[in-house]
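Engineer: Sharing a structure below in structure tokens format, with a few things to ask.
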Amino acid sequence: MSTRLSGPCALTAVTLTFAAGTALAAGDERGRQIYAEECAYCHGDKGEGVEDVYNFPLEGDTTLATLTAYIDSSMPDGDPEYCVGEDAASVAKFIFKEFYTRPTAPETPPAVPLARLTVSQYRQSLADLLTPENAAVDWGDTRGLRVGYFDGVPRGSVSRQLTLDKKKLLVERTDARVDVDFGTETPAGMQIADEFGEFTIVWEGSLVAPETGTYDLRVETPNSFQLWVNDAAEPLIDAGVRSGDQTEYTASVEMLEGRAHPVRLQFFKRLRKKKVNGKPVLIEKTRPASIRLSWRPPHGEYRPVATHRLLPVSAPPVYVASTSFPPDDRSLGYPRGTFVSEAWDEATTSAAIAAAGFVEEHLDDLIGVAADGPAEKRVREMTAFATDFVRRAFGGTVDDATAAFVTDRVATDGPDGVTMAVLYALKSPRFLYPGIERTPELSANRLAAVLGDSLPDGRATKAAADGRLRKPEVIASEARRMLDDPRTRAKLHRFFASWLEVERDVALSKNEDLFPGFDAAVGHDLRTSLELFLDDVAWGPRPDFRRLIDGSTFYVNDRLAEIYGLDQTGDGFRPVRVDDTPSAGVITHPLVMARHAHERETSPIHRGVFLARRVMGHTLRPPQVDFELIDPELHPDMTMRERVELQTGEVNCMVCHEKINPLGFVLEHFDAVGRFRKADNGRPVDASVDYRTPDGVAVRLDGADDWAALAVESVSVRRTFARQLFEYFAARPPAAYGAATLDRLTERFTANDCDIRELLVEIAVTAAGDTEAERIAMAAAASDDGDPIAVAARP
Amino acid sequence: MQTRRDFVRQAGLSTAVTPFLWNLPSLGFAANAAGPKQRLVVFFTPNGTVPKAFWPESTGDDFTLPPILEPLAAFQDRMLVVRGVNNDIGGEGDGHQRGIGCLLTGDELFAGDLLGGGGTAAGWSRGISIDQEIANFLQADAATRTRFGSLVLGVLVPEKANTWTRLSYAGPNKPLTPIDDPYRLFDKLYGAREGRQKLASILDRVHADFAALGTKLSAEDRRTLDEHAEFVRGMERSLDVQQSEVDHVVPELEQGVRESFANTPKLFRMQNDLLAGALAADFARVATVQFSNSVGNVKMQWLGFGDSHHTLSHKPDRDDDAQKKLITINRYFAEEIARFVDRLASTPEPSGDGTLLDNTTVLWTNELGKGNTHTHKDVPFVLVGGGLGFKTGRSLDLGGVPHNRLLMSLAHAFGHRVETFGKASFCKGGTVGELGAA
């Protein structure tokens, strides 16, 4: 450990700030004058920026020295010789003091534009509206599928889920995967009484989808089988009859992120026979028996369904809208529903019609009265269902006129009236813009939307409607309950992927000659490995954020073990500790390292920008020119570090690269696929850097261990994480809830031992309340009404 | 939970970009462009016929209809009774399996693990069925393309996917599941249109919501909402346009008819009525209607007795009671087909040129020549209507030609000049000249 957080370097930082703060009055005046004459035209009178000329405010965490050097060499734009030396120094001082280092708290709270449901919220809400019982199922702690082995096979072929004779049950257990191969033998340890040695296996449980989209399921077997997914009525693949040489079967099914989709697989080892005098006689002496279930997720390759995606619990089916939506705006780094397009509106129409069709088709089950049941009861139950559907879609409350409309439609049009009510609810802005009306259930709705992109369950809705969901501690306890919901976990997964810039649609491609064996499958394994570690930390007994960036645990299977030089054990994914080489938790996870690297080489710049923005909390402007990395062939003897230093050494570049480069170089021990290396281009890796934190502390770091030791102590790192977590879950900045919100959350985060789950609770509690703008608007409205209490409450 | 959505998807509903195509049955297809339409509807009824009550005694254009064919008397001059066609495809499977599985495919069954009442255990057919072959041919040409191409329908088909329950094949090992629920068929044909009408009926309320909510928002947020409301109005206008362009008569279905033996006659008629409507609307030019399945054991109480059909079909010829009942059953099939044919004969072509029957050939067939022998000789083939241009009003006895040649003739009649169909060794001699194709 060679991190030095105090000493001469830190002192230098203080001195600089001090010097800036007490600049000579005369120099100040000179700087002000130069700024007004030469800079304000583009940067605004107070450094706020000028639209379409220079859009960014002049603020950041660059040092005065760098700023001075930059102005000296580059400003004004197009005539850098105009302002140099003393002039440059004094205008730099002026800028630095007047606005560059000002606290970023704006005078007015940021406006929070009206937002429709995000795509994820739309899909999850629709699933909650149509199949609420799916989310209520308890997953339990066991993973894998329930399996039962039965003696013999049923006669004939029936395309439905069989109830098999318990007396024929040979073995019952939980399987980690569906992948068995018995050859021509009997399953080990089982006594088959059947005269032909035939047997049946039934796997049951649920598939948990890691993301929303189309999954291709594949079954490989030389035998017969039937597979159901998310629909107990119609098999997804019906191969109850074996035919010819076909041994591979595929079919597609839509699945929803973080949801359990019931699955059932019936397998039959049946031998070929012929009838001789009315009696079946074998015409094949032996037949191998094997079956393997794989899937291809939306951004993946075929692979066995991992154990942690399998539940032994058969969840009720979940409604999955198959409509494709245009993607949400992500320009601020998190999905927001602030943009309404015609394509989006069309998608909601298609989805509403499909949902109405679902209701029509399953009406009898949904209302609990058969088509030929008592007519009066049927009308009553249809009205109740339709009213409840509209009520839940509208955030928990329907007004009398809407309720009357629904009742009237059902009374007039019967089942058609129900589908009309569904269509109306799903096309109304009261559903599409959650919270547009202040219903009593608002806080419950916000909690569910923030934590799981979903609708609240009955309990939360009731608590809100009864007025119990007001006090922060009550909201917090409700939020803690929702935290256990798989949808929250799924959303957190998505956040982590966004934070670490390893979203699923990002494909890793590495040079095959340099990194043999690093293929798509390895990429998927790495993702699984990362997710297992994240789950470990986030949902384990000690959800300490610092473990994320300091841990040395790496989940591997044998394929990864081989590539990353670890022992192969023949087991599935297992955690190993990598203590003999430097590591910084998820930051040095091979997926993150490989993602921030080129095909053949590392990329200190990508890594540095990623760490600076996403982790350390530096402000970086986008580069003004696109650069090509210097061709390595021009400098065949240089290390990557040397080439980057050569290319970014100019003072123009150093405004940002003095932050970027050290953060990139400190990770140079990790090659383009994230393997530890000691040498680059035949020379020892130099991962020692001088670095200045966003808080202005200068330190010397040597390698990832040092960086991690610095990061776990850094308030800025925590603040940066808290801000991003807030933005991702609440889809708006923390400042919308008051300028001090982020500071408060960061302090609480520190006080709570950096507990990620508690931070999420605090975020949810904050976002379950009103924004500053909403409070101001309400106070204004109340003041118009002459309500003195509301006026007094106005901030 | 995907069945319904599959339909919706087929109807062009769930893609965000094509709401304007909802259920525009033939819009976008140049369906009415060239020449007269040609259609083929295959009716399959199971378990063999009663030959003595089915085949006319004489051949040629002067023949008397035996009892089973009597219900079709009104169409005798538009009828072609074709005796002497054999399904000689051998190989895997029992008589029934090969009967149905090779009937429209002309090909053998794969070896499999489904053991029947005799022979070896079989799988699915090795080939595509002729209805799908013709439908693919028609769909490949914009001039003959229709919304669905083909409809594969059934009546009371058991919920078992096996060789006995599948007649149509999209290809080797690709059996097609017949739609036997009239409500699902209705959804497939008209669901999107219904949805659209319902959607139009609630848009006033949606607009009222937009208006009411807008007043409570800031100017900027109101702009967002106004913009959104404008998209909804655009969609509404397009609904109006579509509404006026589609004027097909949508059949009314009796509600709540469940699948049961007792409801079978109703279900059969509902399917046939929907099919007639679909042909009139030019949703498809090829269809199969499969009554129950090979070895089907429907108990037809509505005919006055409760015996299972397949069980009856195994009774010996000397069992007069069984023979009588089997004749009654097959007469019933003929009556329903006659009713369907009559419907076609009384529906004018939308182009105004003749009737649907003028351009449709209804083919009635069976997987066996006779139930109690499981013979594939003299498989029943009765063709009614003018769709394929055969010379009708005749009774033929071809004396034992492989049925592949008849299947080829069907394709050729559509202009699809296949050189073989199914197992090539059974295609020698090509199409059946005696049909008198134009």
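A short reminder: the numbers here are calculations on the coordinates, not readings from a lab. Please read these numbers as outputs of a predicted model, since none were measured by experiment. Glycine gets a Cβ as well: all are built from the backbone with ideal geometry, and neighbour counts include every protein chain shown.
Engineer: Which trypsin sites (Lys or Arg not before Pro) does the range B:26-129 hold that lie in a coil by DSSP with at most 10 other beta carbons within 10 Å?
Structural biologist: Those that pass, being in a loop and sparsely packed, number zero.
Engineer: Also, quick follow-up: Taking the Cβ-Cβ separation of A:Asp194 and A:Val276 as r and a Förster radius of 25 Å, what is the calculated FRET efficiency to the nearest 0.05?
Structural biologist: Once rounded, the FRET efficiency stands at 0.85.
Engineer: Ranked highest first by the average count of other Cβ atoms within 10 Å around their residues, in what order do B:224-231, A:581-588, A:422-429, A:387-394 fall?
Structural biologist: For the peptides B:224-231, A:581-588, A:422-429, A:387-394, the packing ranking is A:422-429, A:581-588, A:387-394, B:224-231.
Engineer: Still on this structure, please answer the following. So if I place +1 on the C-beta of Lys and Arg and -1 on the C-beta of Asp and Glu, and nothing else carries charge, what would the dipole magnitude of the range A:323-362 be about its Cα centre? I want it in debye, nearest 20.
Structural biologist: Dipole size: approximately 240 debye.
Engineer: Okay, next question. With r as the distance between the Cβ atoms of A:Trp139 and A:Lys166 and R0 = 30 Å, compute the FRET efficiency 1/(1 + (r/R0)^6) and round to 0.05.
Structural biologist: According to the calculation, E is roughly 0.70.
Engineer: From Cα pairs below 8 angstrom and at least 6 apart in sequence, can you work out the relative contact order of the range B:267-341, rounded to a whole percent?
Structural biologist: The normalised contact order for the range B:267-341 reaches 25 percent.
Engineer: Can you put A:His635, A:His669 in order of Cβ neighbours within 10 angstrom, beginning with the fewest?
Structural biologist: So the ranking, lowest neighbour count to highest, is A:His635, A:His669.
Engineer: Using only atoms on other chains, find how many Cβ atoms lie within 10 Å of each Cβ of peptide B:171-178 and report the average.
Structural biologist: Mean shielding by partner chains, rounded to a whole number: 2.
Engineer: Right, another one. How much length, in nm to one decimal, is gained on full extension between A:Ala521 and A:Glu234, taken as 0.36 nm per residue of separation minus their Cα-Cα distance?
Structural biologist: Gain in length upon complete extension: 100.1 nm.
Engineer: A further question on this structure: With angles folded into 0 to 90 degrees, how steeply does helix A:25-34 sit against the dominant principal axis of chain A? Use alpha carbons for both and round to 10.
Structural biologist: Once rounded, the angle reads 60 degrees.
Engineer: Which loop-located trypsin sites (Lys or Arg not before Pro) does the range A:657-703 contain, where loop means any DSSP state but H, G, I, E or B and the Cβ has at most 16 other Cβ atoms within 10 Å?
Structural biologist: A:Arg677, A:Lys678
Engineer: Could you tell me the relative contact order of chain B? Use alpha-carbon pairs under 8 Å, at least six residues apart, and round to a whole percent.
Structural biologist: Over chain B, the number comes to 30 percent.
Engineer: What is the gain in length, in nm to one decimal, between A:Ile630 and A:Ser509 on full extension, counting 0.36 nm per residue of separation less the C-alpha to C-alpha distance?
Structural biologist: 41.5 nm
Engineer: Using the crude model of +1 on Lys and Arg Cβ and -1 on Asp and Glu Cβ, and no other charge, please compute the dipole size for the range A:560-629 relative to its Cα centre, in debye to 20.
Structural biologist: 440 debye
Engineer: Mean separation of Cα pairs under 8 Å and 6+ residues apart, divided by the residue count of chain A: what relative contact order is that in percent?
Structural biologist: Taking the mean separation of contacting Cα pairs over the length of chain A, I get 13 percent.
Engineer: Here is a follow-up. For labels at A:Arg683 and A:Asp364 in the simple 7 Å Cα→Cβ model, what's the distance in nm?
Structural biologist: 7.9 nm
Engineer: Trypsin sites (Lys or Arg not before Pro) within the range B:341-438: which are DSSP loop residues with at most 12 other Cβ atoms inside 10 Å?
Structural biologist: Filter output for the range B:341-438: B:Arg417, B:Lys428.
Engineer: For the residues B:Ser308, B:Ser351, what sequence is obtained by ranking on other C-beta atoms within 10 Å, fewest first?
Structural biologist: B:Ser351, B:Ser308
Engineer: For chain A, take the longest principal axis of its alpha carbons; what is the angle in degrees between that and the long axis of helix A:442-452, to the nearest 10 within 0 to 90?
Structural biologist: On a 0 to 90 degree scale, this one is about 90.
Engineer: Can you put B:Ser201, A:Ser243, B:Ser58, A:Ser322 in order, fewest other beta carbons within 10 Å first?
Structural biologist: Ascending number of Cβ neighbours within 10 Å: B:Ser58, B:Ser201, A:Ser322, A:Ser243.
Engineer: For the protein assembly as shown, what proportion of DSSP beta bridges, expressed in % and rounded to the nearest 5, is antiparallel?
Structural biologist: Here the antiparallel bridges make up roughly 80 percent for the protein assembly as shown.
Engineer: Now a separate question. Which stretch or stretches of the range A:544-575 have amide N atoms under 14 Å from the point lying 7 Å from A:Arg303's Cα along the Cα→Cβ direction?
Structural biologist: Hits in the range A:544-575 for A:Arg303 at 14 Å: A:555-563, A:572-574.
Engineer: Related question: To the nearest 20 debye, what is the magnitude of the charge dipole of the protein assembly as shown about its Cα centre, counting +1 on the Cβ of each Lys and Arg and -1 on the Cβ of each Asp and Glu?
Structural biologist: Using Cβ point charges on Lys, Arg, Asp and Glu, the protein assembly as shown gives about 4260 debye.
Engineer: Mind listing the phi-derived Karplus ³J(HN,Hα) values for the range A:334-350, rounded to whole Hz, using 6.51, -1.76 and 1.60 with θ = phi - 60°, and x for any glycine or proline?
Structural biologist: So the Karplus estimates, Gly and Pro as x, are 9, x, 10, x, 8, 10, 10, 10, 5, 4, 5, 4, 4, 4, 5, 5, 4 Hz.
Engineer: A further question on this structure: In degrees from 0 to 90, rounded to the nearest 10, what is the angle of the helix B:219-245 Cα long axis to the longest principal axis of chain B?
Structural biologist: Value to nearest ten degrees: 40.
Engineer: A further question on this structure: Across peptide A:421-431, how many C-beta atoms of other chains are within 10 Å of each residue C-beta, on average?
Structural biologist: What the average comes to for A:421-431 is 6.
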